[in-house]
Amino acid sequence: MSPETMHAKLIYQANQIAKFMESKPHAEGVALLASHINDFWEPRMRLKLFAVLDEGGAGLRPLVLEAANKIKRPVSA
Amino acid sequence: MKDFIIPDRDYGTPAAKSKQMVTLTIDGFDVTVPEGTSIMRAAAEIGISVPKLCATDSVDAFGSCRLCLVEIEGRNGTPASCTTPVAAGLKVTTQNTKLKQLRRGVMELYISDHPLDCLTCSANGDCELQDMAGAVGLRDVRYEAVQTHFRAKNTSGQVNPQYIPRDDSNPYFSYDPQKCIVCSRCVRACEEVQGTFALTIEGRGFDSRVSFGAKTDTALTSDCVSCGACVAACPTATLQEKSIIEIGTPERSVITTCAYCGVGCSFKAEMRGDELVRMVPYKHGKANRGHSCVKGRFAYGYASHQDRILNPMIRENISDPWREVSWAEAMEFTAVRMKGIIDTHGRHSVGVITSSRCTNEEAYLVQKLTRAVFMNNNTDTCARVCHSPTGYGLGQTLGTSAGTQDFDSVEKTDVVILIGANPTDGHPVFASRLKKRLRAGAKLIVIDPRRTDIVQSPHIKASHHLALTPGTNVAVVTALANVIVTEGLFDEAFIRERCDWDEFQDYAEFAARPENSPEATALLTGVSAEELRAAARLYAKGGNGAIYYGLGVTEHSQGSTTVIGIANLAMMTGNIGRAGVGVNPLRGQNNVQGSCDMGSFPHELPGYRHVKGEGVREIFQKVWGVQIDDEPGLRIPNMLDAAMEGTFKGLYCQGEDILQSDPDTKHVAAGLAAMDCVIVHDLFLNETANYAHVFLPGSTFLEKDGTFTNAERRINRVRKVMAPRNGYADWEITQMLANAILKESAIGANWGYTHPSQIMDEIAMTTPSFAGVSYERLEELGSVQWPCNEKAPEGTPMMHVDGFVRGKGKFINTEYVATDERTGPRFPLLLTTGRILSQYNVGAQTRRTANVAWHTEDLLEIHPHDAEVRGIKDGNYVRLASRSGETSLRANVTDRVNPGVVYTTFHHPDTQANVITTDYSDWATNCPEYKVTAVQVGLSNGPSEWQQDYAAQAAQSRRIAAAE
């Protein structure tokens, strides 16, 4: 699988989580989105998410961008 | 191994449930029994067995055989003790000269029309007619058998019109009318216990015969579902297991637990030597109460099937043929490979998949292998692809993923919502219990795209069938909430006491929005607003409301959201925390519940505790003597993705066939092919094994000790009834593998379990909800529902009784988000998938039994309208294509599905429905979206190119080199 498809998949999944969290009160949604990704995404997945975020986060929903600083950046893979 | 005496005592009539006690005298002995008990049962309670033929305690009394006559002081005549209820002060005589004469006379009549071939009869030694002839002292028969039912020809050599030849059409039991005494126990078992009504008594008087429905029907072509209830009820050789006919009577029996679905039925494995003679449902089994289905009762032949692999095998490359080797060589080969991968690619490059078909002890060891030997959290289980959204959804709202009730609870239910579940096929024994309750008056609401059997079947009709468009569960569930909120049908007192009232206000505001009203959602769900409103009112105000759901809820992009919505409904109507209500996930496999409990998920240690918790890690670090990784590991789809990008290289897969059962087969195949060491541990060379380097032969549930935990959290014992044919129980194999890798890594530690009870002791020591569980406790209680600990030493039949596990129940908004899997011009139909009664999941077991008599291939259900516009006729070969792939199979034109929806099962690898399914998954858990795929269907000439390639690859891959 090419890195682009991998990234596209993760962007898609992050946005799926965001869509659920968007129906919550805003601050709670941001916090829960971050903790959901911290709790369930293996570091390799988060690393790729950060690769996208560090490039400006194109394709990610605003809630993901807002939650970014609460998502744990893995030390290394 | 614990032996029990067979047969179990038969009390003649079912137990009465009254709390009012009545005392009477039988043969001079006082006996006190609940009001409503029959005299026959009361006598049995004090050890007096009144002779009987038509009575058995699995069905209601009938009073036809007239053998159980008794005398009652002050009453006229000789009433039947089975149909006469007890009354205070009765004085009953069960044996005197008059009764003896009457009984002997009755027996004489029975025997005058019965072949006297006892010595060669298959029921010899297990025949109640024979027993009763002895019990009443029958010494001769005065009547000459002129007209009979058992002679093929009469005395003048003419064909006897009353003679019906034996019906051997069912693969598992035979129906031999010449042995029949027309007690109608079979007919009543089919009605009362199973609820299928396949059997009937045809004709009157001497012409009365047991019949499988219409004259032209055989056992196999009739409505019979082969549950075996009639066979268990038959007192003679009339309905008899073919295995008894072939082998003879068993000599001992061992109580164990079925290894098929999540109902977890208890069975007696009846043995002669180490040969399994038959499986008989265990009357005292608390999940099944003496009932069974065709799978558990009969479909165990796979255990001795010729395809079973009994020796370990290895190969350098997946293109090589397999080479049979010793266990020692297989372990060394595997350890060297896995160690090599870890050394080169790091400790996160390997992982495990635990099995929901294996025992708790085995799942515990497999996850321990990755956490304590590989030193990562890359463990997942097949529950990922079925009930992981239940774990998330119920955990968030109620505080635990556990189903809230036991199965007995259904007996107190008034309204059942069945959503995304097809229990008559998937969970048949529970379905029988549910149908019994429905026949007694409870109401049923079915939410399912298909008109499943339970929507309308003999004496059952759903009050409402909401045939929604696949993928719109959230919209329907939220619309139900909308009605309950806007029409004020919620239980304010319950919500104020048990939940957070302010949170409910927020939720109510959300649910009440006009876009969530049934009228607004009807456009996308296809469910009539009026019907949905009526359903909501019925559930909210119809008495005890219980929701049962299955994979039609979870296997969606919004699976977790629907589970949350279901919990919301139960909380707002106060339907939680007592008998007859609740939220009940019907688990697919025998040990889905257990494998989840055992820490199979990559983010949590046993007992659902997240790996980030230092305190929890500390507990296991102490016991295991290692550091535990504090980051979540990879889930199955993530493992495959990581394999594709080259960072995941080694996988130990126990008892799961991910290639056939996981979605998007091509992606799974590519992921597996990218790994350097795939270890498959299974009974058969399954589809995943085509990509494996090591094959470790597994043992069946008959060959090992352990426990399974069923859908009601009930921990049941699995008992070894024969030695493992492959040499080792599965837990021993995982232990050998762990020790081989530890040795290769030059780590001194060694696993040294000598019995699965020691593994359970370790689970109890580390996991609070299991603290009180031990094999001794299970022997004492038979089974126990977790939590079982100091607070609940006998277990917990019902959850959330005085408060929710999380404290206050939490309402969470359930915004509908349409799946991105949409129909369009190229793929205009929606495919949904499911199971059928006679087959089980990937079919590895059931396809290797005579169950194929009912389902030899996967069929595509398609509505007559959709079929007609495509020129498809019933039975045509059709091509089924999605954006992921295509396959071909035969069409079954039926209006069970709505126009626009097609349906198939996934039991056969040559169809491989999962070539079609996509990689979309639940937002919270990555549970795949099996239930919605946009497809096109058209006529086809035969297997697709993919099917041909696949068959060739599989044949190539399954070669086993001849021994040198």
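The values are calculated or read from the model by the stated rules, or taken from the named source; none is laboratory data. Bear in mind that the values here come from a model prediction, so they are computed numbers and not experimental data. We work out accessible area using only protein heavy atoms, side chains counted, and drop any ligands, DNA or RNA first. Shrake-Rupley method; radii C 1.70, N 1.55, O 1.52, S 1.80 Å.
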Leaving out ligands and nucleic acids, note down the accessible area per residue over region A:3-70 with a 1.4 angstrom probe, in whole Å². 40 Å²
For Cα pairs less than 8 Å apart in space and 6+ apart in sequence, what is the mean separation divided by the residue count of region B:1-156, i.e. the relative contact order in percent? 21 percent
Per principal axis, largest first, the Cα atoms of region B:650-717 extend in Å by 39, 24, 18
Under the rule rounded for a/c under 1.5, else prolate if a/b exceeds b/c, else oblate, using alpha carbon gyration tensor axes a ≥ b ≥ c, region B:167-206 is classed as oblate
On a C-alpha basis, how far is the centre of region B:626-700 from the centre of region A:1-39 in Å? Whole number, if you could? 26 Å
Of the accessible area of region A:3-70, with the probe set at 1.4 angstrom, what percent is carbon plus sulfur? 62 percent
In whole percent, the fraction of accessible protein surface over region B:803-918 that belongs to carbon or sulfur atoms, probe radius 1.4 Å, stands at 49 percent
Just to be sure I understand the interface: list residues from region B:498-539 that lose 20 Å² or more of accessible area between the chain on its own and the complete protein assembly, 1.4 Å probe. none
Rounded to the angstrom and largest first, Cα extents along the principal axes for the protein assembly as shown equal 99, 78, 66
In sequence order, what are the phi-derived ³J(HN,Hα) couplings for region B:775-787 according to the Karplus relation 6.51 cos²θ - 1.76 cosθ + 1.60 with θ = phi - 60°, rounded to whole Hz, with x for glycine and proline? 5, 4, 4, 5, 4, 5, 9, x, 7, 8, 9, 6, x
Here P(r) for region B:665-771, Cα-Cα distances in 5 Å bins, as whole percents, is 2, 10, 14, 17, 18, 16, 14, 7, 1
With a 1.4 Å probe and every protein chain left in place, tell me how much accessible area A:F40 has, in Å² to the nearest 10. 30 Å²
What ranking of B:S319, B:S463, B:S81 comes out by heavy-atom accessible area, probe 1.4 Å, highest first? B:S319, B:S463, B:S81
For region B:362-431, what number results from the quotient of the Cα radius of gyration and 2.2 N^0.38 Å? 1.50
How much accessible surface area, in Å² rounded to 10, belongs to the heavy atoms of B:V805 with a 1.4 Å probe? 80 Å²
Give me the mean projected area, in nm² to one decimal, of the convex hull enclosing the Cα positions of region B:915-964. 6.5 nm²
Diffusion constant of region B:175-319 at 4 °C, which comes from Stokes-Einstein with the Kirkwood Cα-pair radius and 1.567 mPa s, µm²/s: 76 µm²/s
Whole-angstrom gap from region B:167-219 to region B:359-375, using each part's C-alpha centre: 50 Å
Note, region B:132-143: 3J(HN,Hα) by Karplus (6.51, -1.76, 1.60, θ = phi - 60°), whole Hz, Gly/Pro = x, goes 6, 4, x, 5, 8, x, 5, 10, 8, 10, 7, 8
Normalised per residue, the volume of the convex hull around the Cα set of region B:179-228 (Å³): 81 Å³
Restricting to chain B, compute how many DSSP beta bridges are antiparallel as a %, nearest 5. 60 percent
Taking every pair of distinct Cα atoms and averaging 1/r, then inverting, what Kirkwood hydrodynamic radius in Å comes out for region B:582-659? 14.6 Å
With Cα springs under 10 Å, the Gaussian network model of chain A assigns the largest mean-square fluctuation among A:A67, A:A18, A:A27 to A:A27
Rounded, prolate or oblate: which one fits region A:3-70, using the alpha carbon gyration tensor with axes a ≥ b ≥ c (rounded when a/c is under 1.5, else prolate when a/b beats b/c, else oblate)? prolate
Quick one: of the DSSP bridges fully inside the protein assembly as shown, what percent are antiparallel, nearest 5? 60 percent
How much accessible area per residue does region B:858-939 have, counting only protein heavy atoms and a probe of 1.4 Å, in square angstrom? 30 Å²
Pull out a ≥ b ≥ c, the square roots of the eigenvalues of the alpha-carbon gyration tensor of region B:1-112, then state rounded if a/c is under 1.5, prolate if not and a/b is larger than b/c, and oblate in the remaining case. oblate
Can you report the principal axis dimensions of chain B using only the alpha carbons, biggest first, rounded to whole angstrom? 88, 77, 66
When all C-alpha to C-alpha distances in region B:818-918 are sorted into bins of 5 Å, what percent of pairs does each bin hold, rounded to whole numbers? 2, 13, 23, 24, 20, 11, 5, 2, 0
Using a 1.4 Å probe on protein heavy atoms only, how many Å² of accessible area do B and A hide from each other, summed over both chains and rounded to 100? 2700 Å²
If you scale each eigenvalue of the Cα gyration tensor by 5 and take the root, what three semi-axes come out for region B:542-592, rounded to whole angstrom and sorted largest first? 21, 14, 7
Please go through the residue pairs B:K368/B:K704; B:K435/B:K931; A:K19/A:K70; B:K368/B:K743; B:K283/B:K720 and name each one whose alpha carbons sit more than 23 Å apart in this structure. B:K435/B:K931
All lysines inside 17 Å of B:K98 as judged from Cα atoms, apart from same-chain residues fewer than 8 positions distant: B:K52
Dimensions in Å of region B:865-911 - Rg and Dmax from alpha carbons: 11.0, 29
